[in-house]
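Q: Sharing a structure, written as structure tokens. Questions coming.
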Amino acid sequence: MQKKYFIALLGIIFFITLSIAFKEKNVDNYSIKKLGALLFNEKIISKDSTVSCASCHNPAFAFSDTLDFSIGINGVPTKRNSPSVLNMKNRPYFFWDGRAETLAQQALMPIQNPDEMGLPIDEAIERLNASAFYKNYFNQVFKTNPNAKNLSLAFEAYENTLETVDSKFDDWSNNIGKLSASEERGRKLFVNDDSKCFDCHFGIDYTNDDFKNIGLFNGKNLNDSGRYLITKDLADLGKFKTPGLRNIALTAPYMHNGMFKTLEEVVDYYSNTNKFVPDAYNKDATLQKPIKFSDRDKKDLVAFLKTLSDKKYMTKRSSH
Ligand code: HEC
Ligand code: HEC
């Protein structure tokens, strides 16, 4: 072969390789998780384009917010406290009453909920199709235009990435860090039968993934029936999903109704539930009798709970 043809051939091969590599890199740049992250922060999927998922599940507050009740479109407050959406991957139920069973199913509900984003799904899909950016992105990832199914899959893929395993407590359990004396006493107390905590908050994310009534229902001032609204079974009256406790120091206020502002208040409550709600209905047997923690016990339990915060989400505000 003549030298100039050989060089031309090399040039062509080089060009083809380069364009394949470039194309692959481009495809790589589009991913379902990244699409989910963009959508999680996208306000056009709310009625008046003012609210995104991140408005209430804000990464700066470990994917919750600081309000008893969050504010949706038109300034309307939500009916329950916004939970963190960290560590959702292994949960079998979502929402305080467990009305969704997969993250994909869950994700379309806040978009339509009039207290949250207030937009019919058909309209949300229309808006995404009208956006050249999203239309292209969905086509790159799913090979179809935006539709409800792949919208929900994108949210699920993103939320599945929001797992946290890098806390002081994780360091301790991996033998690469220590707990203080108070944190260690709190840990022992937490797993001790007498404190009852471990009856419901156990496993890697500190939840039994079940519904329990801890005494925050009396049918009067505390009248959210919880799980009962879904099952219509009277045994479920006042039961709520046991929340996981990872990052709990970062997600105040607490409980389905945000009624406790600090972990100290939560531990005070568990110490003697009757003192707070004497007329509770259907309360779990484990919490009938007061546990009566000493002041030191309370401090230690709170110190332990604070070791469950992932370092990535700890800020000056909350890392004390
Ligand atoms: C206006 C505030 C608000 C907006 C916006 C919002 N959420 Fe929520 N979210 C809540 C509240 C309040 C709850 C609890 C509601 C309940 O249990 O009845 C919740 C619950 C959840 C849960 C269940 C958590 C658990 O512990 O079971 C997930 C997951 C979630 N939201 C994801 C999303 C996604 C995805 C979006 C956007 C498509 C979104 N949220 C938009 C307030 C909001
Ligand atoms: C019988 C089961 C049960 C026991 C025992 C129990 N919990 Fe809970 N815990 C729950 C449930 C259910 C909720 C949510 C209740 C609600 O919102 O009405 C909850 C809520 C919490 C919260 C607030 C979570 C949030 O995201 O708002 C903290 C903190 C907590 N528990 C810590 C503890 C500690 C510490 C102990 C032991 C002293 C304990 N729990 C014992 C079931 C239990």
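Q: Rg(Cα) of the chain divided by 2.2 N^0.38 Å?
A: 1.24
Q: Using +1 at the Cβ of each Lys and Arg and -1 at the Cβ of each Asp and Glu in the stretch 48-121, identify which of HIS57, GLN106, PRO120 lies farthest towards the dipole's positive end.
A: Sorting the options by dipole projection puts first GLN106.
Q: Going toward the positive end of the dipole of the chain, with +1 on Lys and Arg Cβ and -1 on Asp and Glu Cβ, which of GLY219, MET314, SER152 do you reach last?
A: MET314
Q: Going by Cα centres, the stretch 75-116 and the stretch 272-302 are how many Å apart?
A: After rounding, the separation between the Cα centres reads 28 Å.
Q: Classify the stretch 93-239: rounded, prolate or oblate, from the alpha-carbon gyration tensor (a ≥ b ≥ c, eigenvalue square roots; a/c under 1.5 rounded; otherwise prolate if a/b is larger than b/c)?
A: oblate
Q: May I pose another question? For the stretch 32-159, treating each Cα as an identical point scatterer without solvent, what Debye log10 I(q)/I(0) comes out at q = 0.22 1/Å?
A: Once normalised to I(0) and log-transformed, intensities are -1.43.
Q: Also, I was wondering about something else. For helix 3-29, what angle does its Cα long axis make with the longest principal axis of the chain, in degrees from 0 to 90 and rounded to 10?
A: In the chain, helix 3-29 runs at an angle near 20 degrees to the longest axis.
Q: Let me ask another. How big is the dipole moment of the chain about its Cα centre under a simple scheme where the beta carbon of each Lys and Arg is +1, that of each Asp and Glu is -1, and everything else is neutral? Debye, nearest 20, please.
A: Charge dipole, the chain, about its Cα centre: 840 debye, nearest 20.
Q: Projected area of the stretch 134-197, taken from the Cα convex hull and averaged over every viewing direction, in nm²?
A: Projected area, direction-averaged: 7.7 nm².
Q: So which residue, out of ALA157, ALA62, ALA130, gets the largest mean-square fluctuation from a GNM of the chain using Cα contacts under 10 Å as springs?
A: ALA130
Q: Order of TRP96, TRP172 from fewest to most other C-beta atoms within 10 Å?
A: Going from least to most buried by this count: TRP172, TRP96.
Q: Taking only Cα atoms, what is the 0 to 90° angle, nearest 10, from helix 148-159's long axis to the longest principal axis of the chain?
A: 70
Q: Binning every alpha carbon pair distance of the stretch 206-296 at 10 Å from zero, what are the percents per bin?
A: Reading the bins upward from 0: 16, 48, 33, 3, 0.
Q: Right, something else. Output ³J(HN,Hα) for the stretch 39-56: one whole-Hz value per residue in order, computed from phi by the Karplus curve 6.51 cos²θ - 1.76 cosθ + 1.60 with θ = phi - 60°, and x for Gly and Pro.
A: 5, 4, 9, 8, 7, 5, 8, 10, 3, 9, 6, 10, 10, 10, 3, 5, 4, 9
Q: Round to the nearest 10 and give me the degree value, 0 to 90, for the angle of helix 103-112's Cα axis relative to the longest principal axis of the chain.
A: 90
Q: What does the charge dipole of the stretch 94-140 about its Cα centre add up to, to the nearest 20 debye, if the Cβ of each Lys and Arg holds +1 and the Cβ of each Asp and Glu holds -1?
A: With Lys and Arg at +1 and Asp and Glu at -1, about 240 debye.
Q: Translational D (Stokes-Einstein, µm²/s) of the stretch 214-262 at 37 °C and 0.692 mPa s when Rh comes from the Kirkwood sum over C-alpha pairs?
A: For these conditions, the coefficient is 277 µm²/s.
Q: Run the quick spin-label model on SER182 and ASN129: label points 7 Å from Cα toward the beta carbon, then report their separation in nm to one decimal.
A: Distance between the two pseudo-spin positions: 5.9 nm.
Q: Go ahead and estimate [θ] at 222 nm for the chain from helices alone: -39,500 (n - 2.57) per DSSP H run with n ≥ 4, summed, over the residue count, rounded to 500.
A: -12000 deg cm²/dmol
We did not get these values from a lab; they are worked out from the coordinates using the rules stated. Not measured: the values here are computed from a predicted model. As a convention, Cβ positions derive from the backbone with ideal geometry for all residues, glycine included, and neighbour counts pool all protein chains shown.
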